[in-house]
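What follows is a single structure, written as structure tokens, with notes after it.
The values are calculated or read from the model by the stated rules, or taken from the named source; none is laboratory data. None of the values given here were measured: they were computed from a predicted structure. Don't worry about glycine lacking a Cβ; one is built from the backbone with ideal geometry, like all the others, and counts go over all protein chains shown.
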Amino acid sequence: MKKIDETNRQIIKQLVEGRKPFSAIADELKITENTVRSRVNKMIDDGLLRITGLVDPEYLPGLQVIIMGVKLKTLDLQRKAREFTMLRGVMSAAVVTGRYDLIVQIEICEDANLSLLDFFKYELVKIEGIQEVETFVVYSSQKLLIPYLL
């Protein structure tokens, strides 16, 4: 695992809002704008940082977030997590401790022809070795921002 230095940590903290100009970050951290730009580009190239727009799902009619706990018949959990991320509507898949092997975050929207039933019928069936799933429909949330995938 790569470690990041304190300057990169401070730059990332400044980018929480995503739209802060590099010049403002440089002024605040007392480094040059070119240093900020080159470090951000390096972190993006290394896969450490992604700057993206996120949306509050409560403002998008018909969009729902589903959290799914998954038990698998295999211990090759990282490979299975990668398989889940290839399914339509999946935002993320994490290997976890506890009663489930994976926690999968899904975005569904009937306007985009992906209901929860469609996800089960056409996407989830692509994954072999599922022992059990439990879905949690997010009705309301605080500070939940997601990528708009559909």
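Going through the stretch 107-142 one residue at a time, which ones are more than 15 Å from Gly69 (Cβ to Cβ) and hydrophobic (A, V, I, L, M, F, W, C)? Of everything in the stretch 107-142, those that are more than 15 Å from Gly69 (Cβ to Cβ) and hydrophobic (A, V, I, L, M, F, W, C) turn out to be Ile108, Cys109, Ala112, Leu114, Leu117, Val125.
Checked against the criteria, Ala81 does not count as among the small types (Gly, Ala, Ser), without any contact (Cβ under 8 Å) to a residue 40 or more places away in the chain, touching a helix residue (DSSP H, G or I) at 6+ places or on another chain (Cβ under 6 Å) and outside any loop (DSSP other than H, G, I, E, B).
Within the option set Val70, Val65, Val36, being touching a Pro at 6+ places or on another chain (Cβ under 8 Å), surrounded by 13 or more Cβ atoms within 10 Å (Cβ to Cβ) and not hydroxyl-bearing (Ser, Thr, Tyr) holds for one residue only, Val65. Only residues that are of a type in the set (Phe, Trp, Tyr), loosely packed, with under 14 Cβ neighbours inside 10 Å and modelled with pLDDT under 95 were counted across the stretch 106-150, and they come to 1. If a residue has to be closer than 24 Å to Asp56 by Cβ, among the acidic types (Asp, Glu) and assigned to a strand (DSSP E or B) to count, how many in the stretch 96-136 make the cut? Of the residues in that region, 1 qualify.
Number of residues in the stretch 57-86 that are under 14 Å from the mean Cα position of the chain (by Cα) and more than 12 Å from Leu102 (Cβ to Cβ): the value is 4.
Any idea which of Ala93, Ala26 is without any contact (Cβ under 8 Å) to a residue 24 or more places away in the chain, outside any loop (DSSP other than H, G, I, E, B) and under 24 Å from Ile130 (Cβ atoms)?
Ala93
For the stretch 35-63, filtering for residues that are farther than 21 Å from Ile12 by Cα and either among the aromatic types (Phe, Trp, Tyr) or in a helix (DSSP H, G or I) (or both) leaves 3.
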